[in-house]
1. Do we find that residue 230 is open to solvent by 10 Å² or more (accessible area, probe 1.4 Å), farther than 30 Å from residue 33 by Cα and either acidic (Asp, Glu) or touching a residue at least 12 places away in the same chain (Cβ under 8 Å) (or both) in this structure?
2. Looking at 63, 48, which is the one that is surrounded by fewer than 16 Cβ atoms within 10 Å (Cβ to Cβ), of a type outside the set (Val, Ile, Thr), more than 16 Å from the chain's Cα centre (by Cα) and assigned to a strand (DSSP E or B)?
3. Within region 182-197, is even one residue surrounded by 19 or more Cβ atoms within 10 Å (Cβ to Cβ), modelled with pLDDT of 90 or more and among the aromatic types (Phe, Trp, Tyr)?
4. Within region 49-79, how many residues turn out to be free of Cβ contacts under 8 Å to residues at least 24 places away in the same chain and over 20 Å from residue 103 (Cβ atoms)?
5. Kindly provide the set of residues from region 233-248 that are among the acidic types (Asp, Glu) and open to solvent by less than 60 Å² (accessible area, probe 1.4 Å), ordered by number.
6. Just the residues that are buried (at least 20 other Cβ atoms within 10 Å of the Cβ), under 21 Å from residue 143 (Cα atoms) and out of contact with any Gly (no Cβ under 8 Å at 6 or more places or on another chain), please, taken from region 198-210.
7. If residue 113 meets every condition in (1) within 19 Å of residue 184 (Cβ to Cβ); (2) under 14 Å from the mean Cα position of the chain (by Cα) apart from one, which number is that one?
8. Which members of region 75-114 meet the condition of being crowded, with 17+ Cβ neighbours inside 10 Å, in contact with a Pro (Cβ under 8 Å, 6 or more places away or on another chain) and not in a helix (DSSP H, G or I)?
Amino acid sequence: MTSAAQDQPGLRALLDQSEHSSDGDQARVRCDDVTLAFGSTQALGGVSLRVAPGESVAVTGASGSGKSTLLHCLTGLRRPTSGTVIFEGAPISALSDNARSRLRLERMGIVFQFGELLPELTLAGNVALPTQLLRRRPQAANEAAQELLEAFGIAHLAGQFPSDVSGGERQRAAVARALAHKPAVVFADEPTGSLDSGNAQIVIEALLRQTRTQQQSVVLVTHERRFAEQCDRVVEMRDGLFVSTVLQ
């Protein structure tokens, strides 16, 4: 049982009920008819999505279409106004703030546009951090970090600080950090938005290669169609709603 389940009375029963549900839904993460309003502004107008184990889904659309807002709801960073978000059988809205934070730490990997590495840690220290926070053996955390740095082509920079490397190298380290603890789902919010074309392609290829190897699911928010088309499925948003879905 995960710590997130232990933090929330009755959550184990909810997990068991979902795992044996009659509809056979095996989605890693799903949302059903989710809405979110900021005052009189409707950011999400009733969105439903399912992401299967090992599936990569790109969410595209113009700025302000609701892409990042949807990702924030899927990760429990925001509570929807209505509708449900289910992560590995657990309704996120039923969890306490502490349990949602623990769930993100244990089972989710999150990448933001600017990486947000800790400046006082080396690249290796940043990548190892999630595993260390889960109180796993330091040697195991460091070995996992080194393997990922090698996979992302920046092992030679392991001892460098974020301020000493390029933006593309920082973002590769940020993606590696999101994968270090082997999350079930990686959520990436415009991870290439601050990069030039060449570095952006390297980051997307590394992200999808590593997650496919580990059978991890991916939700990629991007306005770049060429990157979205490298995922298994593309959904397009407009005015807080899905307007199209394309299987690759």
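The values are calculated or read from the model by the stated rules, or taken from the named source; none is laboratory data. Just so you know, these numbers come straight off a predicted model, no measurement behind them. Here the Cβ positions follow ideal geometry from the backbone for every residue, glycine too, while neighbour counts run over all protein chains shown. With ligands, DNA and RNA removed, areas are computed over all heavy atoms of the protein, side chains included. Shrake-Rupley method; radii C 1.70, N 1.55, O 1.52, S 1.80 Å.
1. Against the criterion (open to solvent by 10 Å² or more (accessible area, probe 1.4 Å), farther than 30 Å from residue 33 by Cα and either acidic (Asp, Glu) or touching a residue at least 12 places away in the same chain (Cβ under 8 Å) (or both)), residue 230 does not qualify.
2. Working: 63 fails: assigned to a strand (DSSP E or B).
Every option except 48 fails the conditions.
3. Yes, region 182-197 contains at least one residue that is surrounded by 19 or more Cβ atoms within 10 Å (Cβ to Cβ), modelled with pLDDT of 90 or more and among the aromatic types (Phe, Trp, Tyr).
4. The number of residues fulfilling the criteria is 1.
5. So in region 233-248, the residues among the acidic types (Asp, Glu) come out as 236, 239.
The answer is 236, and nothing else.
6. 207
7. Failed condition: (1).
8. Passing the criteria: 85, 108, 109, 111, 112, 113.
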